[in-house]
Each structure stands twice: as C-alpha cells, then as structure tokens.
Amino acid sequence: MSLTITQYQIDAFAQNVFQGNPAAVCPLQHWLDDGVLQAIASENNLSETAFFVATGSRYELRWFTPVAEVDLCGHATLASAYVLFELLGHAQPAITFATRSGELIVTRRGERLAMDFPTRRPRRCAVPAALIAGLGLTPIEVLAAEDYIAVLEHEQQVRELQPDLSLLSTLDLRGVAITAPGSEADFVSRFFAPKHGIPEDPVTGSLHCALTPYWAERLGKQTMIARQVSRRGGTLLCELAGDRVVLSGYAVKFMEGEIEVPG
C-alpha cells in the first residue's frame, strides 16, 4: 500500500527561479520511518529535503541530504516557512520549528523571511594537510565550527577556486567553506560538503551562523549583506544579535507535485 505526499520544490535565497538553493519540502501528517525519509531525499538528489509535522502550535522539522540527516539547514528552513506562509495559509506572524538544533523561529519582514538561528562562532584550529592540498592554496587563516572555514584574500580567489573534492571528503568536519571580502557584498563564500553527497552547495544558510560572527568582528558591522558565489548564487541579509544570528532572504516556488512512497 502506498502513501501519497505533496512535495514542493522551492528556490531559497532567491527572487527568481533557477537561482538560490533548491530544496524539496514535504509536509507530513505523521512521521514516516527514517529509512523512507532518507530514501525520498536520496531520490530527490537535492542538497536538502525538509519534512515537517504539525504538533500543536509548532512544527517538528527535519532535514536530509541525499546521504544523511543533518542538525541544521538554513535554506530548507526558509523553504519550509515559505510553504507554510505562502502555500498552506499559516496565518500567524511567526512559525516555530522544533529541530535537532533547538527552536527556530521564522518571521515575515516585508517580502523577506527572517530566520532566528544560534550562532556557531568559529575558532582558529589546527590546519589539516588534506585541507590545504584539497584547496590547492594556503588561506590567510583557517577556522573551525561545524565546518572548516578557509579565509582568502580576494573575492576572485573564492570564485575561481576548483578544489579537489576527493581530498576534502576525507576531512572530519561537515564540510569546507571558503570566504573573502566582497566587492558588492560585505563578504562572499562558497561551500563544499562532498562527504554528505553535496559537491558544492548553492547557498548555505547554516554556514552563515559561523560566517556572520566572524565577519561582524572583522568588519565592525552587526548587519551585513552576504553573497554565496556558487554557479546559481544567492544573497542573505545577516544580522548578529548576541548569541543569535538572524538570516533573511527571499524564496520562490519552482514546482508542486505528488510522490508515492510505501505507507
């Protein structure tokens, strides 16, 4: 016996389709077996598939890459909030998601959606040889939070880098970010997570929980514009608020359909 689920594909951190980071979003009536959730994410083969279940006034939210469940995902949270606000008629001004990273609250800010996330302040760390070899250059400094963060001197270095993903996949943290001051944004970045089935993520909200406090201290600014300069590209408004980071962006629907899974 099969179960029919409505699935949306939302381009997050974008105002037009074919930009930003695509996420699949599946509203559920109840939780399915973890193996089924992972199989759906693998079948979608997007960087993230989000699933949520209503529980009273909140929603339980989980995120899966094609190969694993993750603790925090920004763009799929933004996509899930967009589905609730714009497509499913959520009438309250805020949405509270219960997640493996605690409560995450998303509110409307004009046409943008703002996500209140915990900071993940990066610290200087020992530099793995595989990181330097995988990047093919020596960064100005290397930091670590959930990911390694390699700070480069120029935006053009970030745009032109062609890393050895097989070497980066051997590292112990989730992934590797590269970042530098921006020419039109306050800072730019790219993000690679090959060990999680994501060679390069188009736009990574959770990464900015670490990049925001770093650049806020370096630039002396609490509010910044960030641009992830992947092929698709995406823009985030980043605000540091104590031990929280508020990430704001747009989203747009690309597709709505139905999937059939074992019930």
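Observations on the structure shown:
- Global size of the chain as Cα Rg and Dmax, reported in angstrom: 17.8, 58
- For the stretch 103-244, the share of DSSP beta bridges that are antiparallel, to the nearest 5, is 80%.
- When the chain is treated as a GNM with alpha-carbon contacts under 10 Å, the residue of Leu143, Leu88, Leu247 showing the greatest mean-square fluctuation is Leu88.
- Two-decimal ratio, the stretch 123-242, of alpha-carbon radius of gyration to 2.2 N^0.38 Å: 0.97
- Gained length - Asp71 relative to Arg244, 0.36 nm times residue gap less alpha-carbon distance: 60.6 nm
- The relative contact order of the chain comes to 24 percent, based on Cα pairs under 8 Å that sit 6 or more residues apart.
- Inter-site label distance for Val36 and Gln157 at 7 Å from Cα along Cβ, in nm: 4.9 nm
- The stretch 138-248, relative contact order [Cα under 8 Å, separation at least 6], %: 19 percent
- P(r) weight above 18 Å for the stretch 205-263, C-alpha pairs, percent: 46 percent
- Dipole in debye (nearest 20) - the stretch 123-242, about Cα centre, beta carbon charges: Lys, Arg +1; Asp, Glu -1: 100 debye
- Most mobile of Gly110, Gly175, Gly74 in a GNM of the chain (Cα contacts under 10 Å): Gly110
Readers should treat all values here as calculations from the given coordinates under stated rules, not as data from a laboratory. From a predicted model like this one, the values you see are computed outputs, not experimental measurements. No Cβ is skipped: glycine too gets one built from the backbone with ideal geometry, and neighbour counts run over all protein chains shown.
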